[in-house]
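Laboratory data are not the source of any read-out in this text; all were calculated from the coordinates shown. The shown structure was predicted, so the numbers you read here are calculated from the model rather than taken from an experiment. Every residue, glycine as well, gets a Cβ built from its backbone with ideal geometry; the counts of neighbours run over all protein chains shown.
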Amino acid sequence: MIDCLSRGVDDTHLIAAAIARLVRPRDMVVLSGDMGAGKTAFTIGFANALGVDSEEYVSSPTFNLVQSYTSGRIPIQHADLYRLSSRAEVEDLGLRELADMGSVVVVEWGDVASDVLGDALTVHLAHNDDADDERDITISVSGHGWDTRWDQLATAVRTWSVN
C-alpha cells in the first residue's frame, strides 16, 4: 500500500499522471472515496496524461454509466457504478471485456464491485480533515497485474508519498 497526500487538484492530477505513465492496455483502475473526494479530478489528470484530446471532455459518467475516450495512447473506458444496485448490473456493463479488448478501464465507485472487476489497481481518495483542498490518497492492488510495476509506481508517486 502507498499513502500519498494531495495538497490540491493539481497534485491529484499529477498523481494520476504518474500512474497513467505506468498503465498498460487491459489494466483496471478502481477509484473509491466519498462524494466529492476527487475521483473525477483524478480521471481528468489520468486521461490528460494518456494524451486524450481536450475536445473529448472528461466528466463523471454518472448518467451514461460508461464513457469512452479513444484519442490517447491507450483507449480509456470510464465507468461510474454509483447508480448501480446489483452485481448483475455491473456484470452487464462488460467492463472486464472492455479491458480485454485493449482499453484501460477506470471505474469510479468500483470498490463496491471488486469481486466482479478482478485484478485492479485501487486508488482511494479521502477528504483530509486538516485542510479542505487536501486529499489522502491510498494506492493498493488486488491480484498480480501490478507486481512487476509496483516499485516503479512507488518511485513515480514518491513526491507525494507519506509512507
In nm, what is the difference between 0.36 nm times the number of residues separating ASP34 and ARG73 and their Cα-Cα distance? 11.1 nm
Among MET35, MET28, rank each residue by its count of other Cβ atoms within 10 Å, from fewest to most, as a rough exposure measure. MET35, MET28
Output the 0 to 90 degree angle, nearest 10, between the alpha-carbon long axis of helix 9-20 and the longest principal axis computed from the alpha carbons of the chain. 60
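Counting other beta carbons within 10 Å of each residue's own, what order do SER68, SER103 fall into, fewest first? List each step's numbers first, then the result.
Working: SER68 13, SER103 22.
So the ranking, lowest neighbour count to highest, is SER68, SER103.
At a 10 Å Cβ-Cβ cut-off, how would you order HIS127, HIS144, HIS13, HIS78, fewest neighbours first? All intermediate terms of the calculation are to be shown ahead of the outcome.
Details: HIS127 17, HIS144 9, HIS13 21, HIS78 28.
Ordered from fewest to most neighbouring Cβ atoms within 10 Å, HIS127, HIS144, HIS13, HIS78 come out as HIS144, HIS127, HIS13, HIS78.
Need one number for the range 31-163: average projected area of the convex hull over its C-alpha atoms, nm². Present the calculation step by step, with values, prior to reporting the outcome.
Numbers: hull surface 34.9 nm².
For the Cα atoms of the range 31-163, the hull's average projected area reads 8.7 nm².
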Helix 39-49 sits at what angle to the longest principal axis of the chain, using alpha carbons and giving 0 to 90 degrees rounded to 10? 90
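Of the trypsin sites (Lys or Arg not before Pro) in the range 66-163, which ones lie in a loop per DSSP and count no more than 15 other C-beta atoms within 10 Å? Don't jump to the answer; show the numbers that get you there.
Working: sites: ARG73, ARG83, ARG87, ARG96, ARG135, ARG149, ARG158; in loops: ARG73, ARG83, ARG149.
Qualifying residues, ordered by number: ARG73, ARG83.
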